[in-house]
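Note sheet for the following structure.
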Amino acid sequence: MTDTTREPLIRLEHLSKFFPMDTDVFGRTTSVLKAVDDLTLDIFPGEAFGLVGESGCGKTTVGKMMVDLYRPTAGEIWYEGQDLAKLSKRERRGRCCDIQLIFQDPYASLNPRMTVGEIISEPIRINRLVPREQIADRVGYLLNAVGLSANYRNRFPHEFSGGQRQRVGIARALAMQPKLIVCDEPVSALDVSIQAQVLNLLSDLREEFGLTYLFIAHGLNVVKHISDRVGVMYLGRLVEVAPKRELYRNPLHPYTKALLSAIPVTNPAKRTQRILLEGDVSSPIDPPPGCRFASRCYAKSGCASCACDTAMPELVEVSPGHFVSCHLFDEGKRVLDAMPR
Amino acid sequence: MADANILLEVRNLSTDFGMKRGTVHAVIDVSFAVHEGEVLAIVGESGSGKSVLSLSVMGLLQHPGRVVSGEILYKGTDLLGLSRGDMRDIRGNHISMIFQEPMTSLNPVFTIEDQLTESIRTHMKLDAKAASARAVDMLRLVGIPSPEKRTHDYPHQMSGGMRQRVMTAMALSCDPDLLIADEPTTALDVTIQAQILALIGDLRNKIGMAVLLITHDLGVVAETADRVVVMYCGQVVEEATALELFERPLHPYTLGLLRSIPTMEDTETDEPLYMIRGMVPNPLNMPKGCAFADRCERRMERCKTEMPPLYDAEGRKLRCFLFDPSADPAAGRVAS
């Protein structure tokens, strides 16, 4: 999956999204929230890319820019030779089918006044994907594909459990015959036993329909199961990208290490010493120069000459396919094992 | 287990909700005991009755919820028989609770100091000055930086992790003997969750309080609990020490829950996750036999028609016919 000669399906280049927070009397922006700041990322056809980070790190904003729910402040989204960020609304319309979104909250993302059949057929109808008389067949096929009975088409969302609703949301995304699906925390609102059902369904559908996923989550364990490559975000910046196994075996960024050690074990005999981060996530509003993680970083002291507080580290490739953005790994300065614990 | 150091004992507690369409039995004949200084975890998925259970213990159930039978003994006194005033003395002074949502459990129009000192002054009979000093001490204890300043903040000026710590400070401010923590970390990020869990464990060691931890997250349980009660559809299905439970889960439901968590273990192959098939039954229309029978892989004929009792087997409590000591599985008949 680290084959760099391959053509990416979608390429995000120096993508940024800033939200103005405050203006002065002349209407000039005086304060900005940097939700996503200079993010560059390739997603290859057929892969599942996991994007992980805590709340407020900008992972959902990335997903929303890919499906045009937000316009990027700067940067490009290259898809099939076109920059989606520069297309007009009308031009976007033809492209939008290829990239679909599955929402986090299955209780809020389905219209309670529409039947499941209407919810799934609406995008098909609007975009005239199949002739009118075949719509019913198509809806039945999609319901079966996500493991629901075709007879459920006349039911309303409130008649379903959380896991079933999420299946309806998945069927609605599939209705557009997409190539890429942005899954925005699709299982975090579900119970453990239902989570496994939905994750397995997503894996099966990926094979069946040849899908590519951008899988957004806040915990590394869910992502580990479904992804091929994983990217870790912190306050709008990508801090580490690596193939899945490489990331879990050999995490390099201090934040990734802390995130991995924060995952509760499932065996009390293996309770381990945690890396406990001091303090809270700092605010993405008018962030200070320098590394975003510097205020909570426990490894900073390991490198006195590093410019953690003054310069933003670049994302550098430390081994094939493994990128990290940390001054400890700047060229010629590999203090790999200088980190505590 | 009739030891002297039992702090809270719940005996055969049942709580019902009378709805228009019928009665929901949210908690059915639940018994457990919390010993001094112990962390007991109650685990279950949504709808398992674990939150209703904690509200019943605190006497905070709201209409149409109603305790229909059972006893809740705190140091030997039945809390269900207490007057409202006496119950208020127990709450806060002896038992306190951390709620699930740090975002909504604090009053947005009062400062942190106002909210903390209210309970301190009510329960500890301190004057305003001493109460403020104690509030600042409590905030320091739960690890809020520069507590003298932050005590004048309003809840919206704090992050989720900070608010959860304020809630914890509030719950601990009157030195309770028992802390009921209802999903204390669910709304928080993983790194903040790790902080709060470490804090609760730390405080338990420092002031020796017992903790009743209510959660759906088996990871949180594995990290903190001494003993675990697993609930399904309002009933206890398994009770064991944490070490035994995670080492060797026996009830098919517990086993399924544990196996369906994506592990962090390094595996070469990506096998599909284990899943428990089907769904939780409708609480208005519970099956006649075992509540888990429909989803169980080891279902037997009698599971569909008979409700298994809670057996004492394998050094723990189990609600499953597989562990019926009187049945001989090889012969398929009742031996004694």
B:V30: buried (at least 20 other Cβ atoms within 10 Å of the Cβ), in a helix (DSSP H, G or I) and touching a residue at least 60 places away in the same chain (Cβ under 8 Å), yes or no?
no
Among the numbered criteria (1) under 19 Å from A:E54 (Cβ atoms); (2) touching a residue at least 60 places away in the same chain (Cβ under 8 Å), which one does B:I196 miss?
(2)
Could you list all residues from the stretch B:168-187 that are surrounded by 24 or more Cβ atoms within 10 Å (Cβ to Cβ) and under 27 Å from A:Y255 (Cβ atoms)?
B:T168, B:P184, B:T185
Quick one: B:L218 ticks every box in (1) at pLDDT below 90; (2) closer than 21 Å to B:I28 by Cβ bar one, so which box is it?
(2)
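Among the residues of the stretch B:300-330, how many are charged (D, E, K, R) and either crowded, with 17+ Cβ neighbours inside 10 Å or within 14 Å of another protein chain (Cβ to nearest Cβ) (or both)? So that I can check it myself, show each step before the final result.
So in the stretch B:300-330, the residues charged (D, E, K, R) come out as B:301-302, B:304, B:306, B:312, B:314, B:316-317, B:319, B:324, B:328.
Add one more test, that the residue is either crowded, with 17+ Cβ neighbours inside 10 Å or within 14 Å of another protein chain (Cβ to nearest Cβ) (or both), and what stays is B:316-317, B:319, B:324.
Selection size over the stretch B:300-330: 4.
Right, B:L61: surrounded by 23 or more Cβ atoms within 10 Å (Cβ to Cβ) and of a type in the set (A, V, I, L, M, F, W, C) or not? Steps first, please.
Working: surrounded by 23 or more Cβ atoms within 10 Å (Cβ to Cβ): no; of a type in the set (A, V, I, L, M, F, W, C): yes.
When the stated conditions are applied, B:L61 does not pass them.
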Looking at the stretch B:73-123, which of its residues are among the β-branched types (V, I, T) and either assigned to a strand (DSSP E or B) or under 22 Å from B:K50 (Cβ atoms) (or both)?
B:T77, B:I90, B:I95, B:I98, B:T104
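So, of the residues in the stretch B:191-228 that are polar (S, T, N, Q) and under 21 Å from B:E244 (Cβ atoms), which turns out to be nearest to the chain's Cα centre (by Cα)? Steps first, answer last, please.
Start the filter on the stretch B:191-228 by keeping residues that are polar (S, T, N, Q), which leaves B:191, B:193, B:195, B:205, B:215, B:224.
From what is left, the residues that are under 21 Å from B:E244 (Cβ atoms) are B:215, B:224.
Numbers: B:T215: 6, B:T224: 12 Å.
Restricting to residues being polar (S, T, N, Q) and under 21 Å from B:E244 (Cβ atoms), the top hit is B:T215.
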Over the stretch A:200-235, the set of residues closer than 20 Å to A:L15 by Cβ and more than 12 Å from the chain's Cα centre (by Cα) is A:T212, A:Y234, A:L235
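Name the single residue, out of those in the stretch A:206-220 being more than 21 Å from A:H253 (Cβ to Cβ) and in contact with a strand residue (DSSP E or B) (Cβ under 8 Å, 6 or more places away or on another chain), that is nearest to the other protein chains (Cβ to nearest Cβ).
Going residue by residue through the stretch A:206-220, those that are more than 21 Å from A:H253 (Cβ to Cβ) are A:206-213.
Imposing the further condition that a residue be in contact with a strand residue (DSSP E or B) (Cβ under 8 Å, 6 or more places away or on another chain) reduces the set to A:206, A:211-213.
Values: A:R206: 12, A:L211: 16, A:T212: 17, A:Y213: 14 Å.
So, considering only residues that are more than 21 Å from A:H253 (Cβ to Cβ) and in contact with a strand residue (DSSP E or B) (Cβ under 8 Å, 6 or more places away or on another chain), the one nearest to the other protein chains (Cβ to nearest Cβ) is A:R206.
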Number of the condition not met by A:L148 [criteria: (1) farther than 24 Å from A:L214 by Cβ; (2) part of a helix (DSSP H, G or I); (3) within 14 Å of chain B (Cβ to nearest Cβ)]
(2)
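Does A:V223 fit the bill of being at the interface with chain B (Cβ under 9 Å from one of its Cβ atoms), β-branched (V, I, T) and either touching a strand residue (DSSP E or B) at 6+ places or on another chain (Cβ under 9 Å) or more than 26 Å from A:K34 (Cβ to Cβ) (or both)?
Values: at the interface with chain B (Cβ under 9 Å from one of its Cβ atoms): yes; β-branched (V, I, T): yes; either touching a strand residue (DSSP E or B) at 6+ places or on another chain (Cβ under 9 Å) or more than 26 Å from A:K34 (Cβ to Cβ) (or both): yes.
When the stated conditions are applied, A:V223 passes them.
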Which members of the stretch A:72-109 meet the condition of being closer than 27 Å to A:V32 by Cα and either free of Cβ contacts under 8 Å to residues at least 24 places away in the same chain or of a type in the set (G, A, S) (or both)?
A:A74, A:G75, A:D83, A:L84, A:A85, A:K86, A:L87, A:S88, A:K89
Can you report the number of residues in the stretch B:127-158 which are surrounded by fewer than 19 Cβ atoms within 10 Å (Cβ to Cβ) and assigned to a loop (DSSP other than H, G, I, E, B)?
6
Looking at the stretch B:214-223, is at least one residue within 10 Å of chain A (Cβ to nearest Cβ), farther than 29 Å from B:L141 by Cα and surrounded by fewer than 20 Cβ atoms within 10 Å (Cβ to Cβ)?
no
Give the residue that is surrounded by the fewest Cβ atoms within 10 Å (Cβ to Cβ), with candidates limited to residues of the stretch B:224-253 that are within 11 Å of chain A (Cβ to nearest Cβ) and of a type in the set (V, I, T).
B:T241
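The values are calculated or read from the model by the stated rules, or taken from the named source; none is laboratory data. All values reported here derive from a predicted model rather than from experimental measurement. Because the Cβ atoms are built from the backbone with ideal geometry, glycine has one as well, and the counts that use them run over all protein chains shown.
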